[in-house]
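**Q** Take this structure, written in structure tokens, and hold onto it; I'll ask about it next.
The values are calculated or read from the model by the stated rules, or taken from the named source; none is laboratory data. Just so it is clear, the structure is predicted and the values come from calculations on it, not from any experiment. Virtual Cβ from ideal backbone geometry, glycine too; neighbours counted across all protein chains shown. Calculation scope for accessible area: heavy atoms of the full protein, side chains included, ligands and nucleic acids excluded. Shrake-Rupley method; radii C 1.70, N 1.55, O 1.52, S 1.80 Å.
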Amino acid sequence: MIPLLELRDVALAFKVPRGVRGRESLLAVDGVSLHVEDGECLALVGESGSGKSTLARIIARLVAPDRGEVLFEGNDLLALGGADLRRVRRALQIVFQDTFTVFSPRQRVRQIIEEPLVVQGLPPATRGECVRRWMGEVGLDQELESRYPHQLSGGERQRVALARSLVLEPRLLIADEPVAALDLPVQVHILDLLDRLRRDHGLALLFISHDLSAVERIADRVVVMNAGRLVEEGTVGEVLGRPKDPHTRALLDAMPRLDPRPTAAQNALGPDSSSPSGPNQVSIPRQ
């Protein structure tokens, strides 16, 4: 079966100003190959500067790679244009961490969510119905549709971002650090919302994060990125329970806990692997 999304040997180097770091270019993505199956959640994990957000922008056609292939539904995404590219943009959407930079401060919530429908040419009557439906799907009160972004909480803005991305009913959602700027209780609510939406709508999710505690809550598989390369991949239980790469082990050592339920790593190691709450654990009940 053809994967929904497949990357083959993707690489991208950025030019570095002369005299900086003693080199002319920085290899941000270095020969990355991965795939996302229909309906699954693949977590792309790495520290800041590891190249994971650059990879997300390559997939979303916001940045062009120097080499490699990006295939969506078996089609060469990098070669598409015109109506074919518009069709793929409807099926592949992205959510960013910083909602302040992607929302216009002059647009109300309804206009923000409606904008993709306007771009795709849907009639006004259909647009209104879609906006109301997806506000409900992500847990936004209808009374918020007339508010501006600065009048919303961080969690509400992230829900608006989700509604905006999902209003076109894509097959794949790229979530680039979607909870990193939120308080821990709000992170839990947004992660559980993403998981429910994925399962209810058969949505594939590429979840990008530096936080393995968020990853173990939502992902099916994990790939770990370091210095532009993939250094480890496998199921959540394999990667978090039996890490092979030193970089993955270092990330695990720094991992907080979002709630006290057994982790995927503990489940993989067996019932005797659990330990009492420590300084890296935050007890927030699962909603």
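**Q** Mind telling me which of the residues Leu62, Leu26 ends up being in a strand (DSSP E or B) and within 28 Å of Asp211 (Cα to Cα)?
**A** Numbers: Leu62 fails: in a strand (DSSP E or B).
Answer to the check: Leu26.
**Q** On to the next question. Just wondering, is there one or more residues in segment 174-192 that are open to solvent by 10 Å² or more (accessible area, probe 1.4 Å), over 12 Å from the mean Cα position of the chain (by Cα) and either of a type in the set (Lys, Arg) or under 17 Å from Arg57 (Cα atoms) (or both)?
**A** No.
**Q** So the check is Cβ under 8 Å with 6+ separation or different chains; which pairs have a first residue in segment 158-177 that's of a type in the set (Phe, Trp, Tyr) and a second one that's buried (at least 21 other Cβ atoms within 10 Å of the Cβ)?
**A** none
**Q** Filter segment 40-54 down to the residues that are modelled with pLDDT of 95 or more and in a loop (DSSP other than H, G, I, E, B) and list them by number.
**A** Glu40
**Q** Which of the residues that make up segment 162-190 are assigned to a helix (DSSP H, G or I) and either over 20 Å from Leu117 (Cβ atoms) or in contact with a Phe, Trp or Tyr (Cβ under 7 Å, 6 or more places away or on another chain) (or both)?
**A** Hits for segment 162-190 are Ala163, Leu166, Leu184, Pro185, Val186, Gln187, Val188, His189, Ile190.
**Q** Condition first: among the β-branched types (Val, Ile, Thr), open to solvent by less than 50 Å² (accessible area, probe 1.4 Å), at pLDDT 90 or above and under 21 Å from the mean Cα position of the chain (by Cα). Can you find one or more residues in segment 250-263 that meet it?
**A** Within segment 250-263, none of the residues are among the β-branched types (Val, Ile, Thr), open to solvent by less than 50 Å² (accessible area, probe 1.4 Å), at pLDDT 90 or above and under 21 Å from the mean Cα position of the chain (by Cα).
**Q** Also, I was wondering about something else. Take the residues of segment 80-109 that are open to solvent by 40 Å² or more (accessible area, probe 1.4 Å) and among the hydrophobic types (A, V, I, L, M, F, W, C): which is farthest from Tyr148 (Cα to Cα)?
**A** Ala83
Each row is one residue, and each column tells you yes or no for (1) assigned to a loop (DSSP other than H, G, I, E, B); (2) farther than 27 Å from Ser50 by Cβ.
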residue	(1), (2)
Gln93	no, no
Ile112	no, yes
Gly121	yes, yes
Thr126	no, yes
Arg132	no, yes
Gly155	no, no
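**Q** Could I ask something else about it? Just to be sure I understand the filter: pairs with C-beta atoms under 7 Å, separated by 6 or more residues or on different chains, first member in segment 138-149 and open to solvent by less than 60 Å² (accessible area, probe 1.4 Å), second member polar (S, T, N, Q). Which pairs pass?
**A** From segment 138-149, the pairs are Pro149/Thr99.
**Q** Looking at His201, His210, which is the one that is open to solvent by 30 Å² or more (accessible area, probe 1.4 Å) and touching a residue at least 40 places away in the same chain (Cβ under 8 Å)?
**A** His210
**Q** Additional query: Pick out the one residue from Val36, Val10, Val20 that is out of contact with any Gly (no Cβ under 9 Å at 6 or more places or on another chain) and at pLDDT 95 or above.
**A** Step by step, each of Val36, Val10, Val20 is checked, and only Val36 is out of contact with any Gly (no Cβ under 9 Å at 6 or more places or on another chain) and at pLDDT 95 or above.
**Q** Now a separate question. Cβ-Cβ distance below 6 Å, separation of 6 or more or different chains: which pairs start in segment 110-127 with a residue that is crowded, with 16+ Cβ neighbours inside 10 Å and end on one that is among the small types (Gly, Ala, Ser)?
**A** Listed pairs, sorted by first residue: Ile113/Ala163.
**Q** Right, here's the next one. Exactly one of (1) of a type in the set (A, V, I, L, M); (2) under 12 Å from the mean Cα position of the chain (by Cα); (3) at pLDDT below 95 is unmet by Ala227. Its number?
**A** With respect to (1) of a type in the set (A, V, I, L, M); (2) under 12 Å from the mean Cα position of the chain (by Cα); (3) at pLDDT below 95, Ala227 is out only on (2).
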